[in-house]
1. Which order do Met90, Met1, Met131 fall in if you start with the one that has the fewest other Cβ atoms within 10 Å?
2. Apply 1/(1 + (r/R0)^6) to the Cβ-Cβ distance of Leu62 and Val3, taking R0 = 45 Å, and write down the FRET efficiency to the nearest 0.05.
3. Most exposed first by the Cβ proxy, i.e. fewest other Cβ within 10 Å, how do Glu169, Glu51 rank?
4. Excluding Pro170 itself, calculate the net charge of residues whose Cβ lies under 11 Å from the Cβ of Pro170, where each Lys or Arg counts +1 and each Asp or Glu counts -1.
5. If you count, for each residue, the other Cβ atoms within 10 Å and average over each peptide, how do 119-128, 158-167 line up from highest to lowest?
6. Would you calculate the separation in nanometres between label points at Val160 and Ala88, each defined as 7 Å from the Cα along the Cα-to-beta-carbon direction?
Amino acid sequence: MLVLALIPVTLAGAAIWLHEGGAAVRVARGVAVTAAVLVGLLVLLPEALNEGGPAVLAVLLLGVVVPSGIERLVHSSRMEAGVGLVAAGMVLHQVLDGVQMGAVGPSVGAPGVLALGLHGLPLAAVALMAMARSGRAPALALWVLLVVATGVGFAVGASVPPVWLAPWEPWIQAAVAGVLLHVLIHDISAARQEQAPA
């Protein structure tokens, strides 16, 4: 089942080459960003609110605002600071997805593990496209980290009682949803800059 858990994040690696120009690439980027934001707002945030209550909205807001604040503090490389935060958030997300897949794998079977992994595909694709704007080597390094993080999470999930991890899940989901909103804002801003006349 570990192989099934790794398929979606491995497929997301194709996004590394989608940062380059062209109408098809813009459409693919738009689909990936839209899917990621929809997962954040329609899946992660409602689950976080249901499990953690309205207090998780503060964490969502931090997920949107903190990357912007750090970008402003790092004047010389604003985009790189934001991308680094998104990358760190995605690594954490993939660890947690792996934990979830490892923990419930025996009860949901192969189709369930694959479905759980697939929800992370657009999230990983967006993070990889954002990183690819800084260069292909950093994007490839992030891709490897995401695959490894998923595998490590799966191993932990298969061996640690889920009750130990449950209290943290709504807070992490809210933070990831906030970072995804930040990514959307960042992607819109970057697209406008690319389209602006020189």
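Rule-based calculations on the coordinates, nothing more; no lab input. Bear in mind the structure is a predicted one, so any value in this text is a computation, not a measurement. In this analysis, Cβ positions are derived from the backbone assuming ideal geometry, glycine residues included, and neighbour counts consider all displayed protein chains.
1. Met1, Met131, Met90
2. That gives a FRET efficiency of 0.80.
3. Going from least to most buried by this count: Glu51, Glu169.
4. So the environment of Pro170 carries a net charge of -3.
5. Taking the mean over residues of other Cβ atoms within 10 Å, the ranking is 119-128, 158-167.
6. 1.9 nm
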